[in-house]
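The values are calculated or read from the model by the stated rules, or taken from the named source; none is laboratory data. Predicted, not measured: the structure shown is a model, and the values here were computed from it. No Cβ is skipped: glycine too gets one built from the backbone with ideal geometry, and neighbour counts run over all protein chains shown. For the accessible areas, the whole protein counts, side chains as well, though only heavy atoms, and no ligand, DNA or RNA atoms are used. Shrake-Rupley method; radii C 1.70, N 1.55, O 1.52, S 1.80 Å.
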Amino acid sequence: YSQLPGFNLGSDSNICDGDTLLLNATVSGATGYLWSSGFNTPTIKAYQTDIYWCDVTKDGCTYRDSMMLTVKPKPMVNLGNDTTLCEDKTLVLTAANAGATYLWQDGSTNATYLVTQKGQYYVRATINGCITRSDINIEYDLKPKFSLGADKLFCIGSSLTLDPKIDNVSY
(Lines give C-alpha, C1' and ligand atoms only; values in the text may rest on other atoms or scores of the structure.)
Protein backbone atom coordinates (compact mmCIF):
# COMPACT_ATOMS: atom_id res chain seq x y z
CA TYR A 1 0.00 0.00 0.00
CA SER A 2 1.03 3.62 -0.54
CA GLN A 3 1.50 6.11 2.24
CA LEU A 4 0.14 9.67 2.07
CA PRO A 5 2.88 12.23 1.47
CA GLY A 6 2.78 14.08 4.80
CA PHE A 7 3.94 17.69 5.09
CA ASN A 8 2.96 20.69 7.15
CA LEU A 9 2.59 24.30 5.94
CA GLY A 10 2.74 25.44 9.54
CA SER A 11 0.34 27.21 11.83
CA ASP A 12 -1.83 30.10 10.77
CA SER A 13 0.47 33.11 10.54
CA ASN A 14 0.61 36.89 10.43
CA ILE A 15 2.99 39.05 8.43
CA CYS A 16 3.31 42.81 8.01
CA ASP A 17 2.24 44.55 4.81
CA GLY A 18 5.09 44.44 2.31
CA ASP A 19 6.61 41.26 3.77
CA THR A 20 6.37 37.74 2.33
CA LEU A 21 6.19 34.30 3.88
CA LEU A 22 7.80 31.30 2.18
CA LEU A 23 5.41 28.34 2.22
CA ASN A 24 7.16 25.01 1.80
CA ALA A 25 5.34 21.79 0.84
CA THR A 26 8.46 19.90 -0.26
CA VAL A 27 8.11 16.12 -0.03
CA SER A 28 10.96 13.87 -1.16
CA GLY A 29 9.89 11.87 -4.21
CA ALA A 30 6.68 13.86 -4.79
CA THR A 31 5.37 13.76 -8.36
CA GLY A 32 3.07 16.77 -8.22
CA TYR A 33 2.25 19.97 -6.39
CA LEU A 34 -0.88 22.09 -6.77
CA TRP A 35 -1.30 25.28 -4.74
CA SER A 36 -4.54 27.18 -4.20
CA SER A 37 -2.94 29.95 -6.29
CA GLY A 38 -2.42 27.54 -9.24
CA PHE A 39 1.36 27.18 -8.90
CA ASN A 40 2.95 23.73 -9.38
CA THR A 41 6.16 24.28 -7.39
CA PRO A 42 7.18 22.86 -3.99
CA THR A 43 7.38 26.37 -2.49
CA ILE A 44 5.59 29.69 -2.99
CA LYS A 45 5.88 33.16 -1.52
CA ALA A 46 2.68 34.34 0.14
CA TYR A 47 2.07 38.05 0.62
CA GLN A 48 -1.67 38.65 0.94
CA THR A 49 -4.40 37.66 3.37
CA ASP A 50 -5.82 34.32 2.25
CA ILE A 51 -6.19 30.63 3.05
CA TYR A 52 -3.30 28.88 1.31
CA TRP A 53 -3.43 25.14 0.58
CA CYS A 54 -1.28 22.72 -1.34
CA ASP A 55 -2.02 19.25 -2.71
CA VAL A 56 1.09 17.05 -2.86
CA THR A 57 0.99 13.82 -4.85
CA LYS A 58 3.38 10.91 -4.28
CA ASP A 59 2.98 7.25 -5.29
CA GLY A 60 -0.57 7.96 -6.52
CA CYS A 61 -1.73 9.40 -3.20
CA THR A 62 -2.57 13.08 -2.61
CA TYR A 63 -2.38 14.91 0.70
CA ARG A 64 -3.54 18.48 1.37
CA ASP A 65 -2.50 20.90 4.09
CA SER A 66 -3.63 24.47 4.54
CA MET A 67 -2.93 27.56 6.61
CA MET A 68 -4.41 31.02 7.00
CA LEU A 69 -2.16 34.02 6.37
CA THR A 70 -3.19 37.43 7.65
CA VAL A 71 -1.41 40.56 6.45
CA LYS A 72 -1.36 43.31 9.06
CA PRO A 73 -1.04 46.96 8.06
CA LYS A 74 2.09 48.92 8.92
CA PRO A 75 1.66 52.31 10.57
CA MET A 76 1.74 55.25 8.16
CA VAL A 77 4.53 57.63 9.19
CA ASN A 78 6.16 60.37 7.16
CA LEU A 79 8.08 63.12 8.95
CA GLY A 80 8.40 65.04 5.67
CA ASN A 81 11.30 66.27 3.61
CA ASP A 82 14.57 67.50 5.10
CA THR A 83 14.16 71.16 5.95
CA THR A 84 15.91 74.31 7.16
CA LEU A 85 14.45 76.61 9.82
CA CYS A 86 15.38 80.05 11.06
CA GLU A 87 17.37 79.98 14.29
CA ASP A 88 14.49 80.94 16.62
CA LYS A 89 11.82 78.67 15.06
CA THR A 90 10.64 75.25 16.22
CA LEU A 91 8.97 72.40 14.38
CA VAL A 92 6.59 69.76 15.71
CA LEU A 93 7.13 66.35 14.11
CA THR A 94 4.03 64.14 14.15
CA ALA A 95 3.86 60.35 13.87
CA ALA A 96 0.30 59.85 15.14
CA ASN A 97 -1.33 56.50 14.29
CA ALA A 98 -4.25 55.15 16.31
CA GLY A 99 -3.06 52.35 18.58
CA ALA A 100 0.64 52.75 17.76
CA THR A 101 3.64 53.04 20.05
CA TYR A 102 6.57 55.29 19.19
CA LEU A 103 10.30 55.44 19.75
CA TRP A 104 12.18 58.61 18.80
CA GLN A 105 15.96 58.95 18.35
CA ASP A 106 16.33 60.21 21.93
CA GLY A 107 14.26 57.41 23.49
CA SER A 108 11.08 59.46 23.98
CA THR A 109 7.77 57.73 23.25
CA ASN A 110 5.22 60.47 22.45
CA ALA A 111 3.33 60.71 19.15
CA THR A 112 4.93 64.13 18.56
CA TYR A 113 8.41 65.57 18.94
CA LEU A 114 9.41 69.23 19.30
CA VAL A 115 12.51 70.14 17.26
CA THR A 116 14.49 73.07 18.69
CA GLN A 117 17.93 72.48 17.18
CA LYS A 118 19.53 71.06 14.07
CA GLY A 119 20.02 67.34 13.78
CA GLN A 120 18.89 64.02 12.36
CA TYR A 121 15.52 62.95 13.78
CA TYR A 122 13.71 59.65 13.38
CA VAL A 123 10.75 57.79 14.77
CA ARG A 124 9.79 54.11 14.77
CA ALA A 125 6.03 53.55 14.95
CA THR A 126 4.81 50.07 15.88
CA ILE A 127 1.31 48.58 15.56
CA ASN A 128 0.69 44.87 16.24
CA GLY A 129 4.38 44.11 15.73
CA CYS A 130 4.61 45.95 12.40
CA ILE A 131 7.16 48.76 12.29
CA THR A 132 7.56 51.80 10.08
CA ARG A 133 10.46 54.23 10.41
CA SER A 134 10.73 57.77 9.10
CA ASP A 135 13.75 60.11 9.16
CA ILE A 136 14.20 63.84 8.68
CA ASN A 137 17.25 66.09 8.79
CA ILE A 138 16.71 69.58 10.21
CA GLU A 139 19.16 72.43 9.60
CA TYR A 140 19.02 75.90 11.11
CA ASP A 141 19.96 79.19 9.45
CA LEU A 142 21.21 82.01 11.61
CA LYS A 143 19.47 85.37 11.40
CA PRO A 144 21.50 87.95 9.53
CA LYS A 145 23.44 90.29 11.82
CA PHE A 146 23.90 93.87 10.69
CA SER A 147 24.48 97.41 11.79
CA LEU A 148 23.01 100.67 10.50
CA GLY A 149 25.94 102.54 11.99
CA ALA A 150 26.05 105.05 14.82
CA ASP A 151 22.94 107.08 15.77
CA LYS A 152 22.71 110.36 13.81
CA LEU A 153 20.65 113.52 14.05
CA PHE A 154 19.32 115.16 10.91
CA CYS A 155 16.96 118.00 10.10
CA ILE A 156 13.35 117.70 8.99
CA GLY A 157 13.23 117.65 5.23
CA SER A 158 16.71 116.25 4.80
CA SER A 159 17.40 112.66 3.88
CA LEU A 160 19.67 109.97 5.21
CA THR A 161 20.85 106.91 3.30
CA LEU A 162 20.99 103.74 5.38
CA ASP A 163 23.55 101.20 4.18
CA PRO A 164 23.42 98.10 6.38
CA LYS A 165 26.52 95.92 6.41
CA ILE A 166 25.27 92.34 6.60
CA ASP A 167 27.66 89.39 6.85
CA ASN A 168 27.22 86.54 4.34
CA VAL A 169 24.19 88.08 2.60
CA SER A 170 23.84 89.09 -0.99
CA TYR A 171 21.23 91.48 -2.35
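Which ones in the stretch 91-106 are over 12 Å from Arg124 (Cα atoms) and modelled with pLDDT of 95 or more?
Leu91, Val92, Leu93
Kindly provide the set of residues from the stretch 45-71 that are among the acidic types (Asp, Glu) and touching a strand residue (DSSP E or B) at 6+ places or on another chain (Cβ under 9 Å), ordered by number.
Once the filter is applied, which keeps residues that are among the acidic types (Asp, Glu) and touching a strand residue (DSSP E or B) at 6+ places or on another chain (Cβ under 9 Å), the stretch 45-71 yields Asp50, Asp55, Asp65.
Could you please find all residues in the stretch 27-54 being farther than 28 Å from Lys74 by Cα, open to solvent by less than 80 Å² (accessible area, probe 1.4 Å) and in a loop (DSSP other than H, G, I, E, B)?
Val27, Gly29, Ala30, Gly38, Thr41, Pro42
Whether any residue in the stretch 77-88 is in contact with a Ser or Thr (Cβ under 6 Å, 6 or more places away or on another chain), at pLDDT 95 or above and over 23 Å from Gly18 (Cβ atoms) is what I want to check.
So far as the stretch 77-88 goes, no, none of its residues is in contact with a Ser or Thr (Cβ under 6 Å, 6 or more places away or on another chain), at pLDDT 95 or above and over 23 Å from Gly18 (Cβ atoms).
Per-residue answers, yes or no, for (1) within 25 Å of the chain's Cα centre (by Cα); (2) without any contact (Cβ under 8 Å) to a residue 40 or more places away in the chain:
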{"site": "Cys61", "(1), (2)": "no, no"}
{"site": "Thr70", "(1), (2)": "yes, no"}
{"site": "Pro73", "(1), (2)": "yes, no"}
{"site": "Asn97", "(1), (2)": "yes, yes"}
{"site": "Lys118", "(1), (2)": "yes, yes"}
{"site": "Thr126", "(1), (2)": "yes, no"}
{"site": "Gly129", "(1), (2)": "yes, no"}
{"site": "Ser134", "(1), (2)": "yes, no"}
{"site": "Pro144", "(1), (2)": "no, yes"}
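For residues in the stretch 2-26 being open to solvent by less than 70 Å² (accessible area, probe 1.4 Å) and not in a loop (DSSP other than H, G, I, E, B), which is nearest to Met76 (Cα to Cα)?
Per the criteria, the residue is Cys16.
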